[in-house]
Amino acid sequence: MSKRTHFILIYTTVTMESIARLFLHYVWKLYSLSSYVVLDRGLQFVALFTKKLYYLLRVEIASYTVWHS
């Protein structure tokens, strides 16, 4: 998937979940999980997009912290 660009035509304002659904429908089915995805948005967008994508893929995100004394 190196140096490829995918443009998806939409006619309305989209939510983060609909962006994740579009990604699944048009990009994921072609390449599955890639090593990296380049997005030209801020970190908040990337974090929310990843969260919605994992939700749609039914991947549970387990947050944890490591504490050393």
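One residue stands out among those in segment 1-40 that are of a type in the set (A, V, I, L, M), out of contact with any helix residue (DSSP H, G or I) (no Cβ under 7 Å at 6 or more places or on another chain) and outside any loop (DSSP other than H, G, I, E, B): the one that is modelled with the highest pLDDT, which is Leu22. In contact with a helix residue (DSSP H, G or I) (Cβ under 9 Å, 6 or more places away or on another chain) and modelled with pLDDT under 75, is that true of Val59? Criteria not met by Val59.
The values are calculated or read from the model by the stated rules, or taken from the named source; none is laboratory data. A quick note: this is a predicted structure, and the numbers were derived from the prediction, not measured. So basically every Cβ, Gly included, is an ideal-geometry build from the backbone, and we count neighbours across all protein chains shown.
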